[in-house]
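Below is one structure, written out as structure tokens; the observations come after it.
Nothing in this text is a laboratory measurement; each read-out follows from the coordinates by a stated rule. Fair warning: this is a prediction, and the values are worked out from it, not measured in the lab. Neighbour counts are summed over all protein chains in view; Cβ atoms, including those assigned to glycine, are modelled from backbone coordinates with ideal geometry.
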Amino acid sequence: MDAPEFFMPFEPAGSNPAEREAEAAMWAWLEAYDLVPTELTRRRMRRTRPARMYALWCPTANAEELALLSQYTAWAFIVDDQFDIEIPDPARTLHTIATLNAVYDGGQPSGVLAVAFADLWRRLCAGRSGDWREAVRAEIRAWLWTYYTESIGRIAGHLPDLDVYRAHRRDSVALFVFLDISERAEGVDLCPAARQLPAMRLLREAAVEHMGLLNDVLSVESDEASNYLYNSVLLAELHFDYTRAQACEYVNHLLTQLVHRMTAAIERLPAELEVAGITGGDRDDTLATAENYTVYVRANLDYHYQAARYTSAPVEALEHGLPLT
């Protein structure tokens, strides 16, 4: 598919020189936790390139942080593959969600996905505030429940309209989590008052939705091939009777609006910080984090053109192993 030309005013920030070291640590961790048990699963992970994604997102992170973030990214992609490609199964989805959510309760994790997540969660939370942990836990829960929503919708044939889908996509793309875990690499831990500023909420939502809808455009052929219709391009074709080109341009227009929404939110942020009385280090961290979001959005665009998961033909891009338990 010929993708449309995307409006992208944000400049790339470069790539992290520790990528190779982080990738080696990522593969060692994946093997240790039995997350890539077959050649098909290893091939799919090589095509996904999680370490490259985070090398673009956080070009100045140290090797240890970059490795941890790459490991979480690899795990999240593996979870995603359990549901997007496979035939929808609400019972299996509920079981997986329950085993992963049980990790927060401190019980003995059950199954390879939960065992791996328990290790990730422990290390991600090290040194983080209670407010950060609460926010990320809620974001992961919201992401996991989108798989159940989609399994029901796919079987029942009740697909959302575009407005409903856009709200759903902000959770299903799982990138609120990535915004927050990236704070580790950036050396910040946003206070709740800053995270909940109207401009910051608008910025976060616009950034996450942009990354999700861009993924839709660049994944549309693979999603269609796997009969996975939770994709804004496919839904625009369905609901508006658009051609593929028209649907892509429609979503591209939404992407442009989201970039403008991000820049408007960043411009509003200093005034809201002043009104809220957020000063000193918290103010500096909030403004720096807002700018980092533009880096992540640009990195997300570049990453999609550097990972064979998105550039390969569907017959190759959809290769994967059996579902993990």
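Details
- Extension gain for residue 40-residue 274 works out to 78.9 nm (0.36 nm per residue, less the C-alpha to C-alpha distance).
- For the peptides 156-163, 180-187, the ranking by mean Cβ contacts within 10 Å, running from highest to lowest, is 180-187, 156-163.
- Residue ranges 229-238, 208-217, 126-135 sort as 208-217, 229-238, 126-135 when ordered by packing (mean number of other C-beta atoms within 10 Å per residue, highest first).
- The range 51-106: C-alpha gyration tensor shape, a/c 1.5 cut-off, then a/b vs b/c: oblate
- Using only alpha carbons, the chain has a radius of gyration to Kirkwood radius ratio (Rg to Rh) of 0.94.
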